[in-house]
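To start, the structure under review is shown below, and the notes come after it.
Rule-based calculations on the coordinates, nothing more; no lab input. Small disclaimer: the values here were computed from a predicted structure and weren't measured. Here the Cβ positions follow ideal geometry from the backbone for every residue, glycine too, while neighbour counts run over all protein chains shown.
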Amino acid sequence: MKNIVKIVVLLIVTCAGTDALSAEVQSQVDRSASRLQANAEKQPAEAHGVEPTSREKEEPSPSPKEASTSDKISPISTYKINYFSINNWWTNDNAQVKFQFSVKYKFFDRDVQIQGRPLSLYLAYTQKSLWNVGQPSMPFEESNYNPEAFFDYQINHSWGRFSLRNIILSPFEHESNGLTGLDSRSWNRQYAAVRLGYRPLERQGEAKSEQKDHIELNMKIWHAYGYADEDDYLRTLGSTETFLDYEGYGEINLVLRDVIVHGEWGNQLDVTSRIGGKQNYEIQYQQKIPYLNFSPYIQYWHGYDETLLRFDSFGKRMFIGVSFTL
């Protein structure tokens, strides 16, 4: 187009025969050609069959399925307190490490709805071990293995600041220490539990089903069976007591959260005791520290039944370490 315009104008100039007119027209032709070229460059690349550059292409938006997958909550979560602790200096002959690992697994992605509230099935596993690190060969004294299955009915119904959080039913819970002979211990339970709360605790990212409170009360009542060997063991010692005289028929747990310190420096105090059994209680304290993935941990045990092997032995012990649950 630019060349055609130049040729036409030059012909007119030649016919006119004047140098001044030629110079003026030539200048106008150059300006017109420049404008035409600029307009042509402004046209979208797609009008000339050219693929847009990578910068011009917009990032595809994720599909609803992809978005829901990325937001999916893991079915595996912590169950009881996970900790690693010791009761004495590492070089002391009586030094013993006590640690616990506890997780639960949500069996189905979709919950059964009962009156608009979800009912979930969980499988859980807890292992508690005593490790004699002060002895030359550092042997394990005992490990308690505790698998279970339970249904968690998430009520989350409130009366002012008081809330009924969960009703839990377990058709089967097993606990044993994996030893043989006179040191073997095992029993089974079916239980019902309830979780109550006072003053909801707001923490970013917590699911409603896992809503926690400043004060929490957990009560668990069980029906026990499969402990005949433990009764036989007590009779060999000349005792008239039974295994359930030590274990009781339930457990109560009081939890206080963020009572001493609030915010990023949150804390948790647990006090647990058996219902109807021999005297025992366990106190656990966790202190959260910002930017750390663990918490300082203190445990104090008083009474019987610290582990299955020690169920008929009275003891008072303190452990210090770290927890990975708070």
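May I ask you to derive the FRET efficiency for Ser158 and Asn92 from their Cβ-Cβ distance with R0 = 45 Å, giving the value to the nearest 0.05?
0.35
Tell me, what is the FRET efficiency for Trp265 and Arg235 to the nearest 0.05, using R0 = 51 angstrom and their Cβ-Cβ distance as r?
E(calc), rounded to 0.05, equals 0.45.
Using 0.36 nm times the number of residues separating Phe324 and Lys278, minus their current alpha carbon distance, what extension gain do you get?
Difference between extended and current length: 13.6 nm.
Measure up Lys72/Lys98; Lys212/Lys316; Lys106/Lys278; Lys72/Lys104; Lys106/Lys288; Lys128/Lys278 against 24 Å on the Cα-Cα distance and list the ones that go over.
Lys72/Lys98; Lys212/Lys316; Lys106/Lys278; Lys106/Lys288
Exposure proxy check: Glu306, Glu251, Glu202, Glu210 ranked by fewest other beta carbons within 10 Å?
Glu202, Glu210, Glu251, Glu306
Calculate, for Asp183 and Tyr125, the FRET efficiency according to 1/(1 + (r/R0)^6) with r their C-beta to C-beta distance and R0 22 Å; round to the nearest 0.05.
Step by step, r from the Cβ atoms, then E = 0.50.
Please list, in order along region 234-244, the HN-Hα scalar couplings obtained from phi with the Karplus expression 6.51 cos²θ - 1.76 cosθ + 1.60 (θ = phi - 60°), rounded to whole Hz, x for Gly and Pro.
Taking θ as phi minus 60°, the curve returns 5, 5, 5, 8, x, 8, 9, 7, 10, 4, 6 Hz for region 234-244.
Compute the signed sum of charges (Lys and Arg +1, Asp and Glu -1) over the other residues within less than 14 Å, Cβ to Cβ, of Phe243.
-4
Let a ≥ b ≥ c be the square roots of the eigenvalues of the Cα gyration tensor of region 157-242; is it rounded (a/c under 1.5), or, if not, prolate (a/b larger than b/c) or oblate?
In terms of gyration-tensor shape, prolate.
Once the piece of chain linking Asn293 and Leu196 is laid out straight, how much longer is it, given 0.36 nm per residue of separation minus the C-alpha distance between them?
Stretched out fully, the Asn293 to Leu196 stretch lengthens by 32.1 nm.
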